[in-house]
Amino acid sequence: MESKLSISIKLVIMKMKNTAILILLTSLFISCEDFLSGPLLDQNPNEVDDVSVVSPEALLVGSQVTMYGVMEGYLNRAVSMVMQQMSGLQTDYYRDYNCEPIDVNTNGRWTAMYGTGGLIDMNTTQRVANEQEKFILLAISQMWEALIFSTAADLWGKIPYSQAANSEFSQPKFDTQQEVHFAILDLIDEAIENFEKGQVFALPTAYDFSFGANTEKWIAAAHTLKSRIYLNWAETNNEYYQLALQEAELGIIDMSGQGDWKALHSAAIAERSVWFQFILSNTDYMGAGKLLVDMLERDNDSRSSIYFLNSSSDGIVGVSPGDSVQNASMLNITGHFGMNWSPEFLSWYENNFILAECHFNLGNQDQALTILNETLNGIEQRWRSLGYANATIPRYDDISNNDLLEAIMNEKYKALFLNIQTWSDWRRTGYPKFTDSQNNSTECGSTSNGVGVPRRLLYPEKEKSSNPNCPTGDDIYDRVENDPF
């Protein structure tokens, strides 16, 4: 049986009038080392093509596929190494893991965000959809823009946004992280309004790979994304905890997972999970991070065997930066993280952890503890429903103050495995602590600020060489704006 993704693309191709877009989509599904890699990603992201003759449905399909590569590809791998959920063992991944990254590695995903399939096509999708009064389609594209560029601002801090993908600005300015995030909050509000408008034309069900044009699910996801953004600013102002709480209460609450914003993957060769494709082609490049493995084993948390494969007779083995050991356990692509794994960009359990953290910081510790244990119970039941009948996850009793906050954040870190948001959580709270099972520090790197954990990505080499507005003095230990302390 053909997958929803394959059928949708065939429907799009039937409606296409622009041969260039057909070529684009064909190239997007041909990958060797990384999903959506290829020569198209080397184009100038500030050049705007005339794609107005293409239907917004076609552009939406292309954007979704491209954004899977952004959210699941190299950027995700880089964050998983910073957060020591995964380790880098060979080539540039060893350098990344040991806090010596090179700026060329972010070129491809940066171009994907801004170029064809990225913001250029999102802008066209939204303009044409608005003209045609396809408001639900418009809102879906706005949500993808909100997810991608709120994430990009979390990764880099200042980024081009207000002038990006605009032919009038070949060298767009870099907006501050706050400017980007607050513009995104406004964009999400617009998306919610457009979802509520509905549209008289046929719903874009076949073209929406996330929720099949289900507006209730989209609106819930919109509130969870707003909540995440507000939460990520709470270090600068405690009042943001209240705003994050209000949005999370309207967010994703369906513990069945049916309301989670996920990628769409299948067993078809061109549609397989990005992580699966990468590990299958590069089996010795990355493995388990010792920080995560130690936490799971310390807590008698059975997810260690769900997340990772045994490493010969040594069981689950994790590697820390600087370790000479290179036999780290592989991501379990023969199990849950196989070819059709659909990672959650936003989920009910992230929404619940936000509720717990907000209640804690607003003085409602009993409520925070209750939500924490309800969430852990739900996660455990989720794994059991997926076939892991013996899945066990710890619960917490009689804890308060910093012990409670640490439990909330450590459990969120474990649950949001391979989710970029874990970096923002650590910057905001200081959890998890980067120590191994012997209480030794696993931080790395040395700058004028001393040894530590990277706090942002390097700007891409091509952007630095082509855009004089790109900030200078690029350093992975520079703090981003919502991480001042």
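Tell me the relative contact order for the chain as a rounded percent, counting alpha carbon contacts under 8 Å between residues six or more apart.
Once divided by the residue count of the chain, the mean separation gives 19 percent.
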note = Sorted by chain and then number, the residues having a modelled amide H within less than 5 Å of the amide H of Leu346, at least 5 places away or on another chain, are Trp261
query = Want the number for Asn166 to Val104: 0.36 nm per residue separation, take away the alpha-carbon distance, what's left?
reply = 19.9 nm
note = Of every hundred units of 1.4 Å-probe accessible area on the stretch 317-424, the number belonging to carbon and sulfur atoms, as a percent, is 43
request  = Using a 1.4 angstrom probe on heavy atoms only, work out the carbon and sulfur share of the accessible area of the stretch 64-135 in %.
outcome  = 44
ask   = What helices in the chain pass both tests, a Cα length along the helix axis of 15 Å or more and a mean Kyte hydropathy of 0.5 or higher, using whole DSSP H runs?
value = 4-15, 56-72, 135-156
query = Do any GluC sites (Glu not before Pro) in the stretch 56-144 lie in a DSSP loop with no more than 14 other beta carbon atoms within 10 Å, and if so, which?
reply = Glu133
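Note down the relative contact order for the stretch 201-292 as a percent, whole number, built from C-alpha pairs under 8 angstrom at least six residues apart.
On the way: 71 pairs, mean separation 21.8, N = 92.
The normalised contact order for the stretch 201-292 reaches 24 percent.
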request  = Please give the calculated 222 nm ellipticity per residue for the chain, where each DSSP H segment of at least 4 residues contributes -39500 (n - 2.57) and the sum is spread over every residue; nearest 500 deg cm²/dmol?
outcome  = -15000 deg cm²/dmol
request  = Averaging sequence separations of C-alpha pairs under 8 Å and six or more residues apart, then dividing by the length of the stretch 373-472, give the relative contact order as a whole percent.
outcome  = 13
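List the pairs from Lys412/Lys462; Lys158/Lys226; Lys262/Lys414; Lys262/Lys433; Lys158/Lys412; Lys290/Lys414 whose alpha-carbon separation is above 23 Å, in the order I gave them.
Working: Lys412/Lys462 35 Å; Lys158/Lys226 19 Å; Lys262/Lys414 18 Å; Lys262/Lys433 29 Å; Lys158/Lys412 26 Å; Lys290/Lys414 13 Å.
From the list (Lys412/Lys462; Lys158/Lys226; Lys262/Lys414; Lys262/Lys433; Lys158/Lys412; Lys290/Lys414), the Cα-Cα distance tops 23 Å for Lys412/Lys462; Lys262/Lys433; Lys158/Lys412.
The values are calculated or read from the model by the stated rules, or taken from the named source; none is laboratory data. Computed from a prediction, not measured in an experiment: that's the story for all the values here. Neighbour counts are summed over all protein chains in view; Cβ atoms, including those assigned to glycine, are modelled from backbone coordinates with ideal geometry. These accessible areas exclude ligands, DNA and RNA; they are computed on the full protein's heavy atoms, side chains included. Shrake-Rupley method; radii C 1.70, N 1.55, O 1.52, S 1.80 Å.
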